[in-house]
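**Student:** Sharing a structure with you now.
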Amino acid sequence: MKRLGILSFYMFIGLLLMGLASCGSDNDDDKIIPEEKAENTVFVYFPWTGSNSPLTENFKQNLSDIKEAIVSRGGLGKTDLIVFMSKDMTHGSLYKIKYKNGNCVDEPLRDYENNGDMALNKTHWITYIMNQVKSFAPAQTYSMIIGSHGWGWIDEADWNAYGAKGFSLQDDDDTRAVQGVVTKMQGHKLTSFGGTQIKTNISTLADGIAAAGIKMQYILFDDCNMSNVETAYDLKDVTDYMIACPTEIMAYGMPYTKIWGQLSSKTPDYKNICDEFYNFYTNYQYPYGTIAVTKTAELDELASIMLEIDTIYTFNNAERGNLQTMDGYTPTIFFDYGDYVEHLCPDAALLSKFKTQLAKAVPYKSATARYYTALSSPSVRVINSYSGLTISWPSVNARTVGKNATAFYLATHKN
């Protein structure tokens with residue numbers, strides 16, 4: 001009995017020391033004994049959105065909706081669900097949502113300190129957390145949902161450099177908008193633009209995922225203004241599909257109770273996702289919503305056709321005011337991509353070639369008749385032309401200073 005007690009004591013000490021090991025390490029022994037490989041792992045990523053503009057309560061509602069959908073479906077099936085939630089700028093937790101006895105339960109996995117190379121906006125961190133997901137929930141396919149404020153393709157440094165410039169609101173509202181506060185306009189909330197404390201560039205996200213050796217089935221942005229051709233092109237090598245909104249999206253976000261069945265599938269029905277989004281927002285108390293699914297395998301050919309167009313034609317700046325805008329910035333940052341090319345290219349045959357390829361690149365899209373912006377008046381604007389993607393090339397907004405250095409621009413213009 002004494003010997004058994006001693007062994008038990010040492011086993012306890014060993015387990016205790018393992019528990020005290022740093023969760024922020026990046027060593028080979030920082031691995032997890034995996035469970036049975038799932039068909040699909042969905043990774044829900046909620047980075048810090050700022051002290052003045054936290055979307056935490058909205059994220060909790062999103063997860064509640066997902067759990068409701070899981071329960072209504074009788075479980076997760078062959079899907080694993082992993083969530084990362086930031087507690088503040090430098091602390092976050094990873095946990096797994098499981099289905100047990102008719103309910104969803106949260107199984108804590110690890111806590112992290114996001115400092116130095118492990119800061120949320122570092123490639124090293126993105127790679128590290130992706131490897132953690134792979135270790136905790138190995139799967140045949142991986143998908144990613146990102147909930148945050150959004151700036152589209154624009155580089156963090158360029159966005160920060162221009163402060164509150166480029167808004168038509170009064171000064172006090174300028175500050176609120178650029179800080180990414182969940183603004184209340186006409187009695188409802190709308191996801192604005194990310195917190196001032198920390199931002200992650202799209203190139204950082206792409207590099208981090210690539211370094212982890214993952215190609216996502218899809219990346220869904222539950223953020224504003226992320227369905228732009230520049231962002232999609234940056235992500236083309238790390239995801240098969242991008243699901244995103246070209247305009248601002250209400251703080252309610254994606255209708256997860258309606259679309260979880262597809263998001264958790266190894267072979268999602270992307271048309272159904274767009275249809276359910278449209279049906280939800282058409283009947284929502286504030287009926288404004290846009291969504292598009294981009295098939296990244298078609299983007300290289302789209303870039304090739306754009307190179308052909310841009311080699312011959314130059315955009316007439318006098319036409320800028322006639323383009324379909326998709327935001328509330330002054331000057332506009334995000335223009336409808338298809339509408340821009342229609343104003344750029346007068347060659348009917350070449351334009352038809354472009355439209356055919358754009359339809360392949362954006363096979364599914366939906367939009368209400370109008371979109372909403374919290375950034376300027378009028379806040380509700382008509383959609384006359386809708387391709388599902390935006391582009392910023394015609395913009396003269398100071399924040400788009402880096403537009404000619406984007407990968408998509410470089411791929412479509414001769415040196």
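**Student:** Principal axes first, then extents: for the Cα atoms of the range 107-162, list largest minus smallest coordinate on each axis, whole Å, largest first.
**Tutor:** Projected onto its principal axes, the Cα set of the range 107-162 covers 42, 25, 19 Å.
**Student:** How long are the semi-axes of the equivalent ellipsoid of the range 274-415, taking √(5λ) for every eigenvalue λ of the Cα gyration tensor, in whole Å from largest down? Spell out each step's value before the answer.
**Tutor:** Values: eigenvalues 135, 73, 35 Å².
Those come to 26, 19, 13 Å.
**Student:** I'd like the carbon and sulfur percentage of the solvent accessible area for the range 313-355, probe radius 1.4 Å, heavy atoms only, ligands and nucleic acids excluded.
**Tutor:** 46
**Student:** Any idea what diffusion coefficient the range 53-170 gets from Stokes-Einstein, in µm²/s, Kirkwood Rh on alpha carbon pairs, 20 °C, 1.002 mPa s?
**Tutor:** 129
**Student:** With a cut-off of 8 Å between alpha carbons and a minimum separation of six or more residues, what is the relative contact order of the range 256-415 in percent?
**Tutor:** Numbers: 230 pairs, mean separation 49.0, N = 160.
Once divided by the residue count of the range 256-415, the mean separation gives 31 percent.
**Student:** Then there is this: Accessible area, 1.4 Å probe, largest first: how do 73, 381 sort?
**Tutor:** Listed by decreasing accessible area, they come as 73, 381.
**Student:** Can you give the accessible area of residue 413, probe radius 1.4 Å, in Å² rounded to 10?
**Tutor:** Rounded to the nearest 10, the figure is 40 Å².
**Student:** Beyond 17 Å, how much of the Cα-Cα pair distribution for the range 363-415 remains, as a whole percent? Write down the numbers at each step before the final one.
**Tutor:** Values: 800 of 1378 pairs.
That fraction is 58 percent.
The values are calculated or read from the model by the stated rules, or taken from the named source; none is laboratory data. Since the model is a prediction, treat every value here as computed from it, not as a measurement. For accessibility, only protein heavy atoms count, side chains too; no ligands or nucleic acids. Shrake-Rupley method; radii C 1.70, N 1.55, O 1.52, S 1.80 Å.
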